[in-house]
Amino acid sequence: MSQTTYKEGIDAKTVEQVEELGTYKHGFTTNIESVKAPKGLNEDTVRFISAKKEEPEWLLEWRLAAFERWKKMEEPTWANVSYPPIDYQDHYYYAEPKAGAKYESIDDVPEEILEDFKKLGIPLREAEVLLGVEGAGATPGDARTNQPKVAVDAVFDSVSVATTFKKELEKAGVIFMSISEAVREHPELVKKYLGSVVPVSDNFFATLNSAVFSDGTFVYVPKGVRCPMELSTYFRINEANTGQFERTLIVADEGAYVSYLEGCTAPMRDENQLHAAVVELVALDDAEIKYSTVQNWYPGDKDGKGGIYNFVTKRADCRGVRSKVSWTQVETGSAVTWKYPSCILRGDDSQGEFYSIAITNNHQQADTGTKMVHLGKNTRSRIISKGISAGKSDQTYRGLVSIHQKAEGARNFTQCDSLLIGSNCGAHTVPYVEDKSNTAILEHEATTSKLSEEQLFYAQSRGLDEEEAVALLVNGFCREVLQELPMEFAVEAQKLVQVSLEGSVG
Amino acid sequence: MSSPIPLTAFEDRLLAEVPDTDLAELLRSRGLPGRRTETWKWSDLRGALRDVREPSGAYASKAEAPITLEGATVLTLKNGVPQAPHGVEPKPIVKSGEKVGSTYVVEDGLVVSFYDQGRDAEDEIGAGEELSALAALRPLMSISVLPGFTHKIVLRRLSDGEGRHGDNVFVTVGEGARATLVETHEITGSPFVNSRTELELDAKSVCDRFIVQTAASEAVLVHSSVLRLDEAKDGETVKLNQMTLALGAQLARHETRLTHLGESEAKIDALYRLSDSLHTDITSHITFEGEDGVTDQLVKGIADGRSRGVFQGKFLVQRGAQRTDAKMAHHALLLSKGAQINAKPELEIYADDVECAHGNTAGALDPEALFYMRQRGVPEDEARSLLIDAFGGEVLERVKDEAVREQLAALFHGGAS
């Protein structure tokens, strides 16, 4: 039976449950016809995507330039992850549901898609939201209902299928649309900011994304506007062998505020699917962006077969004085994760935050963390990372805190805690600290431990079963991060923590 | 890996002297470790060694020992060449009818041997370990404290000139033996010194090890230590207390690779103090191979002027190394604009029943404490000096031997120049 060896106190039932793990409740496939680009990647693929999206010449040039660079780049190997070589010619780089992306209202959305959303549950809670859409259309600011107000831009494979709450947002002056639409409707904004945080040639995966990005979200919050609701994008990879390359660009103008939620799932498939997204955030003077992610891509089965390769570049540029960006992530999915949401603290008194929970189980591998680059005076950053490894998984926190000479009075606090569940997993911490300012204060602490047997025993003696007890303790372990999530996500994230660890515990 | 890089003239020169092994292959394809090597990114050895250096000539300077130890046996290496112990007759070491070295019974239970050759440290060749492997090729000096004996040894490494040299020292502390080992690096001039100490602590042994490197503003020094701690026997554990005091060089790296084979205890402390444009790199890589290993590490550093301090610490807890208890702390003070501190406290853990923690801080002298002292009439210079001594004092206090502690404190204090 199981090769896994567990410490004393873990009973056979738990071990059995570990064996059963790998049932992924989002592993369904929706059968809608889709239009795909021919398999493989060459200049024609790039042109095909650009033409399909009726893009202006400058964007095609931009993509082609990225593709030229990409051909000369090497895939990075420094992360603590291993996977068989990816054949970039064996992927489809574009797929859109054939029904098209031209839904005027929710009623036009094919039933399969709606059904699909229903099955998802996390984090969309589509039933409520979709109900909310109708209500919102009629009476904007319908604040008395109990339904949470979340505007949703759903990315289904490569094309954004439904955008809700658009009217109310428009009223506030907030632009919230798919990036393809934004290219058509607000080319000046897109042109100004696209690639300004993550340059075309930034890294292998970001460059690939620049060449073939299919769709994504664009948000612009004008001066002094506090976005009236949480914005949400829902990513989902449906088509087999389709790389998903979304591109998100969020700009908060002076004094603006926006909170953005991103949730991701993908159906269960045997082969690995590639996902290389780029997210760029720009915060101008006094602006604040809060970006929350719940990533629950298919992690592969219990033997490590299938699953998503999640190679994501996320970076925020705190360009303005007193600007602030806060990244919060709950990472429970993907076979391989390679992701470092970062902040460039350029403006004086700007602030960056990174709150992360990463859970790996079975054969999952995650190499994730953040970079805080302090350029401006009195810049502050805070990093709280909680990693939980179980099964045969491996997890690495990799982070950089860099204080440049001009960053007088900069301040960083970093805390990385790892929890190991079972004796066949690994938890690693690789923080880099570079300090060139004699007025900065940097603190970093990290711990690695197991669940306290005393606490487990205590919780069980109070009537919780082992699984509930573990979930309780793990949620306690993650508390500092969970409380940073917007209300809509927090409850689900807690449940997700529990689901991800199902049966793996000890 | 990526295609080979063009080698410098010095690298070509070094390669000509290296036997055709994996090490040669590694050097040929990657050159000396430097900025592009992950484990050397903040200590650009390659960049510091661009010019060809010829092997060093005879040592011609005079140096006064920075630290003395009462009742100790003093052994000396001059520009890498081991000096015969005074007043002891050598006995030849013969292997297959050929003399391969000489051995000296220095005292009861203390044997020193010189071998004409080193060895191919194949097991230690990985990216970043080239220097240690290069030093292992040099003629070996072996120091053995025999089982059950207690000895104090001062090993002075004297270097001068502008050439290059290195050494290869192997120390064994036998079962139940106790050793105090002081190793110094006393460098004048601008040589490139590549030293290596291999230290094996057998069951039930105890070793206090001190490494003292005085400032050498133009020298390049790499000192690799490879340590193995045996597992416990009869309920008694091996204990190692290591303390490094480093006062900087043009580039200086003190690297410790330690393996806990099982239940054993280690303190791997270090204190560095840098001024002007000096550099010091304190790197440690502690592997927990067996169960119940304990490491407690405290490293502190002070960077003034335009100096650069580097700390890289890694704990590797292997699968099955349960009940490992490992703590790592690095704290640094930056005293001036232009000084830098780079740190990478790393954990790599494959066992679940462990307690591992690290902490890392960097900052300036506490302005409030300074203000308080000045308010009480203490001049600023003195107040700063007091605070710095207190900062370093935390590491020094962990040295049990009072005489050694006082000498280290004086050196640390004097490092302010």
Any hit, the range A:473-496, residues being charged (D, E, K, R), part of a helix (DSSP H, G or I) and either free of Cβ contacts under 8 Å to residues at least 40 places away in the same chain or within 9 Å of chain B (Cβ to nearest Cβ) (or both): yes
Lone qualifier among A:ALA427, A:ALA410 - being modelled with pLDDT of 90 or more and more than 23 Å from the chain's Cα centre (by Cα): A:ALA410
Residue list for the range B:225-250, filter: over 18 Å from B:ALA65 (Cβ atoms), assigned to a strand (DSSP E or B) and open to solvent by less than 10 Å² (accessible area, probe 1.4 Å): B:SER225, B:LEU227, B:LEU229, B:VAL238, B:LEU240, B:GLN242, B:ALA249
Within the range B:327-341, considering residues that are surrounded by 23 or more Cβ atoms within 10 Å (Cβ to Cβ) and more than 7 Å from chain A (Cβ to nearest Cβ), the one farthest from B:ALA266 (Cα to Cα): B:LEU333
From the options A:VAL336, A:VAL330, residue that is within 26 Å of A:MET487 (Cβ to Cβ) and open to solvent by less than 10 Å² (accessible area, probe 1.4 Å): A:VAL330
Pair list, Cβ < 7 Å and 6+ apart or interchain, from the range A:39-53 residues that are closer than 13 Å to A:ASP215 by Cα to residues that are modelled with pLDDT under 85 and crowded, with 17+ Cβ neighbours inside 10 Å: A:ILE49/A:ALA37; A:ILE49/A:TYR93; A:ILE49/A:TYR94; A:ILE49/A:SER214; A:LYS52/A:TYR94
Index of the failed condition, A:TRP78 passing every other in (1) within 30 Å of B:GLN322 (Cα to Cα); (2) surrounded by 12 or more Cβ atoms within 10 Å (Cβ to Cβ); (3) modelled with pLDDT of 70 or more: (2)
Counted residues, the range A:179-206 - those being under 18 Å from the mean Cα position of the chain (by Cα) and either among the β-branched types (Val, Ile, Thr) or open to solvent by 30 Å² or more (accessible area, probe 1.4 Å) (or both): 3
Hits in the range A:435-449 - residues which are open to solvent by 10 Å² or more (accessible area, probe 1.4 Å) and free of Cβ contacts under 8 Å to residues at least 40 places away in the same chain: A:LYS436, A:ASN438, A:THR439, A:ILE441, A:GLU443, A:GLU445, A:THR447, A:SER449
Qualifying residue in the range A:370-392 (condition: in contact with a strand residue (DSSP E or B) (Cβ under 8 Å, 6 or more places away or on another chain) and facing chain B (nearest Cβ under 9 Å)): yes
Verdict on A:LYS324 being basic (Lys, Arg), at pLDDT below 90 and more than 23 Å from A:ASN475 (Cα to Cα): no
Breaking point among (1) open to solvent by less than 10 Å² (accessible area, probe 1.4 Å); (2) at the interface with another protein chain (Cβ under 9 Å from one of its Cβ atoms); (3) in contact with a Gly (Cβ under 8 Å, 6 or more places away or on another chain); (4) closer than 30 Å to B:LEU335 by Cα, for A:TYR432: (1)
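Would you confirm, using the coordinates I've provided, whether B:VAL105 is farther than 25 Å from B:PRO55 by Cα and open to solvent by less than 80 Å² (accessible area, probe 1.4 Å)? I'd like the intermediate steps shown before the answer.
Details: farther than 25 Å from B:PRO55 by Cα: yes; open to solvent by less than 80 Å² (accessible area, probe 1.4 Å): yes.
Taking the combined requirement at face value, the residue satisfies it.
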Any hit, the range B:170-179, residues being of a type in the set (Gly, Ala, Ser), touching a residue at least 40 places away in the same chain (Cβ under 8 Å) and in contact with an Asp or Glu (Cβ under 6 Å, 6 or more places away or on another chain): no
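The values are calculated or read from the model by the stated rules, or taken from the named source; none is laboratory data. These numbers come from a predicted model, not from an experiment. Every residue, glycine among them, receives a Cβ derived from its backbone with ideal geometry; neighbour counts consider all protein chains shown. Ligands, DNA and RNA are stripped out before the accessible areas are found, and what is left, the full protein with its side chains, is counted by its heavy atoms. Shrake-Rupley method; radii C 1.70, N 1.55, O 1.52, S 1.80 Å.
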